[in-house]
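What follows is a set of notes on a single structure, which appears directly below.
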Amino acid sequence: MTASGRRTALLVAGLVVVITAGLAAADGSPSTPWRHLYLLPVLLAGLRFGVAGGLIAALGAVLGVGPFVLREIEGHGPTRAAAEGVVTLAVLAGSGALVGSLAARARRQRERYETLRAVQRALAEPAPLGRVAARLAAVLTRRLGVDAAGLVLDEGRIVVGADRLDPRSLTARVLARREPEFVTDAGTDARARRVVVVPLASDGETVGALAVERLGDVSREERDALVGFGAAVGLALDNARLAARQRRFAEELEHKVGEATARLGEMDRLKSGFVALASHELRTPLTALQGFSELLATRAFAPVEVRRLAEIMRGEIERLGRIVSDFLDLARLERGLAPAIRRAVLDPAPLIAAAVELFRRTRTTHRLELHVEGALPRVDADADALDRVLKNLISNALKYSPPGSCVRVRARATDGVVAVDVEDEGPGIPAEERARVFEPYYRVRETAGLGPGTGLGLSVVKSLVEAHGGTVRADAAPGCGTRMTVMLPALP
Amino acid sequence: MYAIARPWEPRPGGLLSGAPLPLLVALGVLTAGAGALARAELVPLTPARALGAGGAQGALLATAVAWAASRGGPAPWLAATVVLAGAVGAALSPLGALAYLAAPVWVWLERARLPGLGLARAPAGLVVAGAALGALLGAHLFVTASLTLGYSGRVPTLEGLAPWLAYDVGGNVLTTEAFFRGALFDRAQRRWPFPAAAALVTALCLVRYLVDPLLPRSLEVTAGAVFYLTLLSLANCWLYWRSGSIAPGVAAGVVFFVAYRLLHVVP
């Protein structure tokens, strides 16, 4: 009982005692008008404590008036005064019960609305479902005046009020049968433990169960109210779950949009860098071609020298051709198209040997080693595309490794594929950047200064290899350097 | 929480299941026999009344013990025997009623084996409230009976009051509270709402006192018994319901009956 309740109880008891003492001090007749003063404590107790309070106060009044009525009957028989006294007792008891009942009903109604508001407030705050359920259980325990309230949601995955859901428990039974259960005596307490479990329903579906326990009575009215709560809480929980899902979706969307924006920004930056780089890459061979062609046009050279200059010009033209091919492939890729390839059954060994031999003749600053392990199976591939892939990888290896170092090309057949490794002894690629080197325009910052490049070569390699159903990956070579491995499906 | 974490099974058995029927029949025969012998003037009235009351009260305590005893608890006939010993003592001499005090001593010693008898430690506040309630009803009874019905009070003497006090503590109140609150009400409140359980138990408790041969047969005493014992029983049910212990009810009953014994109602 609260402090205010104790004060009211004391006031009621005091009023009964004072009124009784006043009656005794006066004439003591059961018909005295002062007897109606008992209505004051009776109504007060009924309003404050409900039916029980009203009845107990009325009982106090009966105990107070009773002796006067009995004495009247004993002394004078059933007189009018005695009858008035008896009627007064009945009126007091009736008033106490009636006022208490009405007050209790009004209070319960108000408490129900307040509980619903508290439930809505608890569900309105954004939080994970488990935390919302715990908060809800705490609100219901306090508001419903029960000893414990628990919730089971998400088919037993979220349990509030216990560590786990026992499959033979009353709550499990309610979840299975979708009907409320009321047990008048659970547990082994000295006092009877009432248990009410109601399903939480939303849109015809059972989304969980609400269980409450109390050492004491749970009236039928309270049980009916709990069933109503079950529907309201189920709906509110479902709404909270939907709201949480929407929040999560919005957060994910925001995150993805942020990532995409950042990626677009980086692409924009890379493209800007590429435009500058491409201009430079195109200008360099063009300048060489312009210079050598002017020399040939304006001066007379010995035939040997003319052939040398023509060779240089042919090399620059090939370089221009490669750059333009890369641009064209990239343009196809950005439109979502695969590179144009013309497949044919071919033996990869001669192609690999020719590519290695070409670089061995033209790039004498490095040692180039070729190891072909056994006979290679045939592949279904575009010979030109395969040639570009090999030349790109060998060219990169030569570009990024120091003069005098060795570039090894190894080809072998393994698990239904033809694998070609190109290893260099350069500075290598940091582990965190190995996956990114295949992205268009991307160049490893530490090695970008070691040679010219558009940042397109490896992305074109990757698209060509994947167009053949193969894979390409970058690893650290044993010791130092980089190993690029191309795997192409072998024909059976 | 029990409802979530523990397996649930419906509890078998009805309200009165598990009563020691053969013992109750034997005690019933004893009670009825004592009454019959007294009516036939084969046995003096006082010892016949004491034996009859002892048989009935022994039946109450035996039933309560049978319902409350855990596995391996005391035999119900022991409870009946202890109460009957008090009754035999009272039949032999007034001071022999002090033998009734063996009953609370026995119950106290066996409390560990009687977990369902409402012998749990009650909050001190509720025991005090019980005693205060008994005092209030007793005082009201005393005032009403002495001022309006003409029953005079009497100065208690040790010889006069001690046997009654021993009877009330060990026979009357203990057996009533143990059976009607600790056993019957406990079972009833685990099946029905408090008002229904309290009403049933109070009605049966009233019957127990109204058929008691020790209650003087006059209209005003019967009316007073109905009035006060109804209030006392309802209040004791509430005290048990709140505390899970018969201690507050015993306190209320003993104090009330002390006031009752101070009136010149008892022959």
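Note on segment A:147-172: residues that are over 12 Å from residue B:6 (Cβ atoms), facing chain B (nearest Cβ under 7 Å) and without any contact (Cβ under 8 Å) to a residue 40 or more places away in the chain amount to 1. Checking every residue in segment A:285-294 against the condition of being touching a residue at least 40 places away in the same chain (Cβ under 8 Å) and part of a helix (DSSP H, G or I) gives zero matches.
Can you tell me which residue is nearest to the chain's Cα centre (by Cα) among those in segment B:39-48 that are under 22 Å from residue B:99 (Cβ atoms) and modelled with pLDDT of 80 or more? It would help to see each step written out before you state the result.
Taking segment B:39-48 as the starting set, the residues that turn out to be under 22 Å from residue B:99 (Cβ atoms) are B:43-48.
Next, only the ones that are modelled with pLDDT of 80 or more stay: B:44, B:48.
Values: B:44: 25, B:48: 19 Å.
Checking each candidate, the answer is B:48.
How many residues are touching a helix residue (DSSP H, G or I) at 6+ places or on another chain (Cβ under 6 Å), among the small types (Gly, Ala, Ser) and closer than 30 Å to residue A:425 by Cα if we restrict to segment A:311-369? So the answer is 1.
Looking only at segment B:181-195, how many residues end up being more than 10 Å from chain A (Cβ to nearest Cβ) and surrounded by fewer than 24 Cβ atoms within 10 Å (Cβ to Cβ)? Selection size over segment B:181-195: 1.
For segment A:9-36, give me each residue that is surrounded by fewer than 18 Cβ atoms within 10 Å (Cβ to Cβ), more than 18 Å from residue A:53 (Cβ to Cβ) and touching a Gly at 6+ places or on another chain (Cβ under 8 Å). Matches in segment A:9-36: A:34 only.
No other residue among A:62, A:119 is in contact (Cβ under 8 Å) with a residue 60 or more places away in the chain, outside the structural domain of residue A:140 (by TED's automatic domain parsing), buried (at least 18 other Cβ atoms within 10 Å of the Cβ) and part of a helix (DSSP H, G or I) apart from A:119. Taking first residues from segment A:302-323 that are under 22 Å from residue A:456 (Cβ atoms) and partners that are acidic (Asp, Glu) and surrounded by 15 or more Cβ atoms within 10 Å (Cβ to Cβ), the Cβ contacts under 6 Å between residues at least 6 apart in sequence or on separate chains come to A:323/A:281.
When the residues of segment A:234-255 are filtered to those that are closer than 19 Å to residue A:119 by Cβ and without any contact (Cβ under 8 Å) to a residue 40 or more places away in the chain, which remaining residue is surrounded by the most Cβ atoms within 10 Å (Cβ to Cβ)? Please lay out each step first, then the result.
Within segment A:234-255, the first condition is being closer than 19 Å to residue A:119 by Cβ, and the residues that meet it are A:234-244.
Within this subset, residues satisfying the condition of being without any contact (Cβ under 8 Å) to a residue 40 or more places away in the chain are A:234-235, A:238, A:242.
Values: A:234: 23, A:235: 16, A:238: 18, A:242: 11.
Residue satisfying both the conditions and the ranking: A:234.
Does segment A:221-233 include one or more residues that are crowded, with 21+ Cβ neighbours inside 10 Å and among the β-branched types (Val, Ile, Thr)? Scanning segment A:221-233 turns up at least one residue that is crowded, with 21+ Cβ neighbours inside 10 Å and among the β-branched types (Val, Ile, Thr).
Please verify whether segment B:170-180 includes one or more residues that are within 21 Å of the chain's Cα centre (by Cα) and within 14 Å of another protein chain (Cβ to nearest Cβ).
So the first thing to find is which residues in segment B:170-180 are within 21 Å of the chain's Cα centre (by Cα), and the list is B:170-180.
Right, trim to within 14 Å of another protein chain (Cβ to nearest Cβ) and you get none.
No.
Pull up segment A:173-208, narrow it to residues that are of a type in the set (Lys, Arg) and closer than 30 Å to residue B:181 by Cβ, then point me to the one that is farthest from the other protein chains (Cβ to nearest Cβ). Show your work before the answer.
First, pick out the residues of segment A:173-208 that are of a type in the set (Lys, Arg): A:173, A:177-178, A:191, A:193-194.
Remaining after also requiring closer than 30 Å to residue B:181 by Cβ: A:191, A:193-194.
On the way: A:191: 4, A:193: 7, A:194: 9 Å.
Per the criteria, the residue is A:194.
Residues of segment A:324-339 that are free of Cβ contacts under 8 Å to residues at least 40 places away in the same chain and of a type in the set (A, V, I, L, M): A:324, A:328, A:331, A:337.
The values are calculated or read from the model by the stated rules, or taken from the named source; none is laboratory data. Since we're looking at a predicted model, the values are computed, not measured. For neighbour counting, all protein chains shown are included, and Cβ atoms are generated from backbone atoms with ideal geometry for every residue, glycine included.
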